[in-house]
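Worksheet: one structure, shown below.
The values are calculated or read from the model by the stated rules, or taken from the named source; none is laboratory data. Values in this document were obtained by computation on a predicted structure and should not be read as measured data. Cβ: placed from backbone, ideal geometry, glycine included. Neighbour counts: every protein chain shown.
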Amino acid sequence: MTSSSSSPGRTPVDGFDAASVPSAALIEFAGRQRWFAGRSEPVAGARFEPIAGSIGAAELGELVVAIEDGEAQRYFLPLVAAPEGAAAHSLDAGPAGGLLADAARDPAFAAAVVACLAKGGEGEGALVVHRSQAAAERLAAVAGVPASEIKVLSGEQSNTSVGIGRLGILKFYRRLRDGEQPELEVTAFLTEKTGFTGAPALYGSLELRRPDGSHAAVAALFERVANRGDAWAVVTDDLVAALSGAPAPAETFDAGRTLGRRTGEMHAALATRTGDPAFDPEALDAASLQKIVAEARHEAGEALDVLAREAERSPELKGEIDRLLAARAEIDGWFAGFTAVPSGGWRTRIHGDYHLGQVLVSGEDAVILDFEGEPGRPLNERRAKTSPLRDVAGMLRSFDYAAFAARDRLGAEAGEAAREAADAWAARTSADFLKAWEAASGVSLVDEANRRLLDLFVLQKAFYELRYEAAMRPAWLSIPLRGIVSLLEKRQVVR
């Protein structure tokens, strides 16, 4: 990627004075936005901090929300004069500023950002442009898309994504995290340094560099891939159709083999040695292994504490809950037994938040998205190298969830036959996935250490799911619970 800076200019919104925007108006506006993460926090105040530079007719800035007894939250908030019908995404900037709207949802602003990425800027603006060298021609083509073909995509929560015709996706990172953005770092590596074609190419990005030296990604432009939808929707729809006896769809998606191959290719590409210390593989030594085990062991203990409190609320699951709680010492001993497992293999960069919802189905192929890592973790943890088996475990658990979701949509009247058929699909798909992943990644699952490590990651993921479902979706608690019991039965930890 090459870099340049956007040029500073006049204040685009006539009469706008950042200091005059009422704190109460900013707080009220933030509370209506899906990307605002501070709804459950006591807010002490808010302010708009201008960003030096200009793009199109927008006032560039950060919405800074002060949290009582906590760190301030910063959000990228470009503003334009509010168009008609923008009430949900507008704020009253006071008598001098008038009604302003979130420019990230404005097609003209999106077009100006794409033009900025394609052409670069001049001077010492605070927004630095990074452009792909490998995809320069395709970036120029995206810049030619007219504003009339630019539309905000639905379904976004923590970020705002805008479709640039059929050629690009412009993603605005709303909550700003200082440091290297893993999605940009990983996607740029795959685009520039490898031949991996299973992820959208990164065309360019915008980075905010503040006077104090801190920096954060604010926007990125990716290749847009024609698709049928995400793999979660396609797989569950196909499975519901199969379980109900409906005709097979015209386009078939072999989830196990296709995702296994693409996932293995992704991990092989991320293991490419280029001399970049942020990506070159490192040995999974004893110290690294014990850190992984300690984290999983701790999370399992916390999940079992939650489960003990769930027993009365979920009487239909009492049998599985009692068995798991009765084997608590054996479970802890199973984790402790990893001290005797020889270390080996490699730590690399991984996807970090891998499941069916992070994959697009394109014809009979698959395209992997969103390399941000787990949203709740700090950037340094998301950028850390670990075993690629962690991603593998995430997809295996996602197959289990898809089987349950399909049965749930069919309803109780589908009966035991549907449950058995869905479970058989999950087992068959998981086996196909592992076989294809092993062949494409070059990582042996015949190796006992790798098999045990995969078990650990699957358990860790399921224990995480158990805590989540208990807090947010008790009706789905049986999914991780039965997954945990099944695996521990096979390993003779639970009898």
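The table below gives the values:
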| quantity | calculated |
| --- | --- |
| Which listed residue is surrounded by 21 or more Cβ atoms within 10 Å (Cβ to Cβ) and either in contact with a helix residue (DSSP H, G or I) (Cβ under 8 Å, 6 or more places away or on another chain) or not basic (Lys, Arg) (or both), from 167, 239, 243 | 239 |
| Among the residues listed as 307, 259, the single one being at pLDDT below 95, crowded, with 20+ Cβ neighbours inside 10 Å and within 27 Å of residue 456 (Cα to Cα) | 307 |
| Single match in 100, 91, 63 (criterion: touching a Ser or Thr at 6+ places or on another chain (Cβ under 7 Å) and either part of a strand (DSSP E or B) or not small (Gly, Ala, Ser) (or both)) | 100 |
| Search result, residues across region 136-194 that are more than 30 Å from residue 211 (Cα to Cα), free of Cβ contacts under 8 Å to residues at least 60 places away in the same chain and not aliphatic (A, V, I, L, M) | 137, 144, 146, 148, 149, 151, 154, 155, 165, 168, 191 |
| Filter result for residue 226 (in contact (Cβ under 8 Å) with a residue 12 or more places away in the chain, surrounded by fewer than 17 Cβ atoms within 10 Å (Cβ to Cβ) and either in contact with a strand residue (DSSP E or B) (Cβ under 9 Å, 6 or more places away or on another chain) or not aliphatic (A, V, I, L, M) (or both)) | yes |
| Which numbered condition residue 356 misses (of (1) crowded, with 19+ Cβ neighbours inside 10 Å; (2) at pLDDT 90 or above; (3) within 15 Å of residue 460 (Cβ to Cβ); (4) not polar (S, T, N, Q)) | (3) |
| Only listed residue being within 19 Å of residue 162 (Cα to Cα) and either under 27 Å from the mean Cα position of the chain (by Cα) or at pLDDT 90 or above (or both), chosen from 88, 46 | 88 |
| Yes/no for residue 58 being surrounded by 22 or more Cβ atoms within 10 Å (Cβ to Cβ) and at pLDDT 95 or above | no |
| Index of the failed condition, residue 160 passing every other in (1) more than 17 Å from residue 187 (Cβ to Cβ); (2) surrounded by 13 or more Cβ atoms within 10 Å (Cβ to Cβ); (3) at pLDDT below 95 | (3) |
| Single condition residue 119 does not satisfy, out of (1) under 25 Å from the mean Cα position of the chain (by Cα); (2) touching a residue at least 12 places away in the same chain (Cβ under 8 Å) | (1) |
| Verdict on residue 278 being surrounded by fewer than 20 Cβ atoms within 10 Å (Cβ to Cβ), within 19 Å of residue 382 (Cβ to Cβ), in contact (Cβ under 8 Å) with a residue 40 or more places away in the chain and within 22 Å of the chain's Cα centre (by Cα) | yes |
| Sole exception among (1) crowded, with 17+ Cβ neighbours inside 10 Å; (2) closer than 19 Å to residue 467 by Cβ for residue 323, by number | (1) |
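Quick grid of which residues meet (1) in a loop (DSSP other than H, G, I, E, B); (2) within 30 Å of residue 409 (Cα to Cα); (3) of a type in the set (S, T, N, Q):
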| position | (1), (2), (3) |
| --- | --- |
| 162 | no, no, no |
| 199 | yes, no, no |
| 205 | no, no, yes |
| 222 | no, no, no |
| 249 | yes, yes, no |
| 264 | no, no, no |
| 268 | no, no, no |
| 273 | yes, no, no |
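Residue-by-condition table, conditions (1) modelled with pLDDT under 95; (2) closer than 27 Å to residue 286 by Cβ:
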position	(1), (2)
363	yes, no
380	yes, yes
408	yes, no
441	no, yes
448	yes, yes
